[in-house]
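Notes to accompany the following structure.
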Amino acid sequence: NPKRISGMIKTIAKAYPEINIDRIKATSPWFGFRPCSPDGLPYIGRFNRCRNLIAASGHAMLGVSLSAATGKLVGEIVSGLAPSVTLDLFSPERYNR
């Protein structure tokens, strides 16, 4: 949506005056699909059948916002620590139960 892109560029110019906005305007717009789960919750945790595989996906539009919390949880999982929060709701296999 060109209107939304224009709004983002204006916001960037206000928040980061040192950035060369003309260079941003010269770039062709692109997008990437955001991974979403059917219930809107991200997938965070190990898979039952492949215990060395850890999911950290499905954050939709909150990927940047939730990255620190997800990183902390994944770090805890990898380190063998008990996660800071219960991960049952975020299980990558919550539909296979």
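The values are calculated or read from the model by the stated rules, or taken from the named source; none is laboratory data. In this text, all values refer to a predicted model and were calculated from it rather than measured experimentally. Cβ: placed from backbone, ideal geometry, glycine included. Neighbour counts: every protein chain shown. Only protein heavy atoms, including side chains, enter the accessible area calculation; ligands, DNA and RNA are left aside. Shrake-Rupley method; radii C 1.70, N 1.55, O 1.52, S 1.80 Å.
Among the residues of segment 12-37, those identified as surrounded by 10 or more Cβ atoms within 10 Å (Cβ to Cβ) and not in a loop (DSSP other than H, G, I, E, B) are Ile12, Ala13, Ile21, Ile24, Lys25, Cys36. For the condition exposed (fewer than 12 other Cβ atoms within 10 Å of the Cβ), on the phi > 0 side of the Ramachandran plot and modelled with pLDDT under 95, what is the one hit in Gly40, Gly7? Answer to the selection: Gly40. Inside segment 60-97, residues that are of a type outside the set (A, V, I, L, M), open to solvent by 80 Å² or more (accessible area, probe 1.4 Å) and in a loop (DSSP other than H, G, I, E, B) make up a count of 4.
Report yes if some residue within segment 44-59 is open to solvent by 60 Å² or more (accessible area, probe 1.4 Å), touching a helix residue (DSSP H, G or I) at 6+ places or on another chain (Cβ under 7 Å), farther than 25 Å from Lys3 by Cβ and modelled with pLDDT of 90 or more; otherwise report no. Scanning segment 44-59, I find at least one residue that is open to solvent by 60 Å² or more (accessible area, probe 1.4 Å), touching a helix residue (DSSP H, G or I) at 6+ places or on another chain (Cβ under 7 Å), farther than 25 Å from Lys3 by Cβ and modelled with pLDDT of 90 or more, so the answer is yes. Within segment 19-47, the residues that satisfy the criterion of being more than 28 Å from Thr86 (Cα to Cα), of a type outside the set (D, E, K, R) and in contact (Cβ under 8 Å) with a residue 12 or more places away in the chain are Ile21, Ile24, Pro29.
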